[in-house]
Structure formats: structure tokens, C-alpha cells
1. May I ask you to list pairs of residues, at least six apart or on different chains, whose Cβ atoms are under 8 Å apart, with the first in the range 110-123 being surrounded by 10 or more Cβ atoms within 10 Å (Cβ to Cβ) and the second being among the aliphatic types (A, V, I, L, M)?
2. Going by what's in this entry, would residue 154 be described as assigned to a helix (DSSP H, G or I), loosely packed, with under 13 Cβ neighbours inside 10 Å and among the hydrophobic types (A, V, I, L, M, F, W, C)?
3. Every residue in the range 23-37 that is surrounded by fewer than 15 Cβ atoms within 10 Å (Cβ to Cβ) and in contact with a helix residue (DSSP H, G or I) (Cβ under 8 Å, 6 or more places away or on another chain), please.
4. Which of the residues spanning the range 249-267 are open to solvent by 90 Å² or more (accessible area, probe 1.4 Å) and either at pLDDT 70 or above or outside any helix (DSSP H, G or I) (or both)?
5. I'd like to check something: does the range 22-33 contain any residue that is part of a helix (DSSP H, G or I), more than 19 Å from the chain's Cα centre (by Cα) and of a type in the set (Gly, Ala, Ser)?
6. How many of the residues making up the range 85-100 are among the aromatic types (Phe, Trp, Tyr) and surrounded by fewer than 16 Cβ atoms within 10 Å (Cβ to Cβ)?
7. Out of curiosity, is residue 103 touching a Phe, Trp or Tyr at 6+ places or on another chain (Cβ under 7 Å), hydrophobic (A, V, I, L, M, F, W, C) and either open to solvent by less than 80 Å² (accessible area, probe 1.4 Å) or in a loop (DSSP other than H, G, I, E, B) (or both)?
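The values are calculated or read from the model by the stated rules, or taken from the named source; none is laboratory data. This structure is a prediction, so every number in the text was calculated from the model and none was measured. Don't worry about glycine lacking a Cβ; one is built from the backbone with ideal geometry, like all the others, and counts go over all protein chains shown. All accessible areas refer to the heavy atoms of the entire protein, side chains included, with ligands and DNA or RNA removed. Shrake-Rupley method; radii C 1.70, N 1.55, O 1.52, S 1.80 Å.
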Amino acid sequence: HELETKKNPSLWMAIFRGFSGPYFRAALFKAVNDSLAFIQPQLLRLLISFVDSYKGDSPEPVIRGAAIALAMFAVSVTQTMALHQYFQRAFETGMRIKTGLTAAIYTKSLKLSNEGRASKSTGDIVNYMAVDTQRLQDLTQYGQQLWSAPYQIILCMASLYQLVGISMLAGVGAMIIMIPINGLIARLMKTLQKEQMKNKDSRTRLIAEIINNMKSIKLYAWGSAFMNKLNYVRNDQELKTLRKIGAAQSFANFTWSTTPFLVSCSTFAIFVLTQDTAL
């Protein structure tokens, strides 16, 4: 449809038209899971208040505690069901996108002209079908974070405001400070991934060249020369870039894991200071 009706066809629109239905239904399950994740602590707070009421002279009725416990059980079961339904639909959508694109790329490769075959080697086409389609499949698992992450942040800030008041703005400030750092890491990861894809293309192109000209290589004793060239691409380019990606990923995981800690510490510090000022 995109090829027939548009001058500049869009792959994203084709994917949206073909696979958006189940993915949007997965978004509904994701919203339910995120909402229930913040209901559970509220129920726990009510249960603690119920237990604490028995220390005084006016304990709350037992039926209230039983209702809270049953509600916590129902919320936990519903949250688990919603999460698994979301992952089921996300994985299915990713698999369908990967298989559809793989079939389209393979069909296109069978119809390439001589000029097209000269510009795209077998290794490039294999990379398209194996690596690039896998990236799009992985995107379906994390694409929902575009709206889910802000939604969770809003719910978290509302819950914090209910508990500690205006002190929660300190946590918001700490989170905002970490955004540029995470942005720089994401930009670095993107650059390294592009470089790694070029290295993979070089390696597959060289391997295809070696296999196609194996007779000449053996005849002229060029094996060691081609092996050194292949080792250079593998060790000095691909593995070196892979080490950089691993280091960047480790630093990114460190910043992501320390962000909640910084938010909690800053919120707690401001809360204590405001309480001392009030006293």
C-alpha cells in the first residue's frame, strides 16, 4: 500500500498499519500493570494503619483488615496477569515484524538487478535479515516506555507528594539533573552501535570474499594475508568497539541504578530539613 500510493513510502507506516492493533492492546495491559504497581503500596499503608489501630483504644473492625488483605491479593494477581499479557502481545508483535521484514528482504534480494547485487553483498543482506530485523523486534519490547516511563514518574511523584509534601520536588530536581548524563550516554551508545554495524558489514563482506575466492587464495598462498586482514577486522575493530559498548553500557546501568538512590536521598534530606524548620 505504501509503495503504490505514496511517492516516499514509509517503512514505519507499513509496520504501523500491519501490526499496531495487538501492540495497542498490549499498551492497555501495560497501563493496568503500571497503575496497580502504585496501588499496592497504598494498600500496604492501609494495612499498617489497621494493625497499628489495635495499639489504641478504638481498633478498626476485623472485616476491614480482611478486605485490605483480599484487595492486596487481587491486585497482585491482576498485576501479574496484566504484565504477562503485555509481554505476550509485545513478543508476538516483535516476532511478526521480524518474520515479515525477513520475508520482504529475502523476496527483494531475489529480484535485485546486477547493479543492485554489486552494491549490496550477500553479507549485507544477511545482516539486514538477522541483525537489523532483530533490532526492530527488540524495539517492540521497550517501545512502550515512551509513554509508560512518564506515566510511572507522574504516579510516583503524586504518591511522594501525598507522603512527604513539597519535599518531593528535590527528587524531581535530582532526576532532571541525571537526564543530560543519560542523554550523553545514549548518544554515545548510538554512535558505537553504528560503528559496530559497519564493522559487522566489513567482516561479513570479507568472509564472503574469502569463501567466493577460496580456490585463488589457496592457489596463490594468500591464506595468511587474508587471515591477518580478517583478524584485524575482528580484533582491532569489532572487539575493540564491543569493549567500548560494554563499558558504556556498564556506566549507563550504574547511573540508572543510582538515580533512584539519589532521588530518595535528596527527597529525604529536604523532608528532614523542612521538618526541622517547622519544629
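1. 120/112; 121/208; 122/208; 123/207; 123/208
2. yes
3. 25
4. Correct list: 251, 254, 256.
5. no
6. So the answer is 2.
7. Considered against the rule, which asks whether it is touching a Phe, Trp or Tyr at 6+ places or on another chain (Cβ under 7 Å), hydrophobic (A, V, I, L, M, F, W, C) and either open to solvent by less than 80 Å² (accessible area, probe 1.4 Å) or in a loop (DSSP other than H, G, I, E, B) (or both), residue 103 comes out as no.
Listed here are the residues, each with its yes/no results for (1) open to solvent by 90 Å² or more (accessible area, probe 1.4 Å); (2) free of Cβ contacts under 8 Å to residues at least 60 places away in the same chain; (3) part of a helix (DSSP H, G or I).
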residue	(1), (2), (3)
197	no, no, yes
202	no, yes, yes
205	yes, no, yes
210	no, yes, yes
225	no, yes, yes
228	yes, yes, yes
